[in-house]
Amino acid sequence: MISKDLLDLLACPACGVELELQGREVVCTECGRRFPIREGIPVLLVEEAEEPPELRARLDAEARALAEAQAKGNTV
């Protein structure tokens, strides 16, 4: 698929942490986002990534808390 040398140069576009090869995807070792590899090229677009369910739940909770704080006039 992709060479170890290339993999060593790549980082997660969302959090900047290293990626590891898992089957036909590269996976962030921190946030768990899974990025596809198409025609031998990793597609490192956050919009293309598959998010693990626990990450989605955490991001949703953070967004709700931020919206509630802003509605109350609090700054974050």
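Side notes on the structure shown:
- Taking the conditions (1) surrounded by 13 or more Cβ atoms within 10 Å (Cβ to Cβ); (2) in contact with a Ser or Thr (Cβ under 7 Å, 6 or more places away or on another chain) in turn, I2 satisfies each one other than (2).
- Candidates G40, G23 - the one that is of a type outside the set (A, V, I, L, M, F, W, C), exposed (fewer than 11 other Cβ atoms within 10 Å of the Cβ) and without any contact (Cβ under 8 Å) to a residue 12 or more places away in the chain: G23
- Complete set of residues in the range 46-76 that are in a loop (DSSP other than H, G, I, E, B) and surrounded by 11 or more Cβ atoms within 10 Å (Cβ to Cβ): A49, E51, P52
A short reminder: the numbers here are calculations on the coordinates, not readings from a lab. Keep in mind the model is a prediction, meaning the values are calculated, not measured. Every residue, glycine among them, receives a Cβ derived from its backbone with ideal geometry; neighbour counts consider all protein chains shown.
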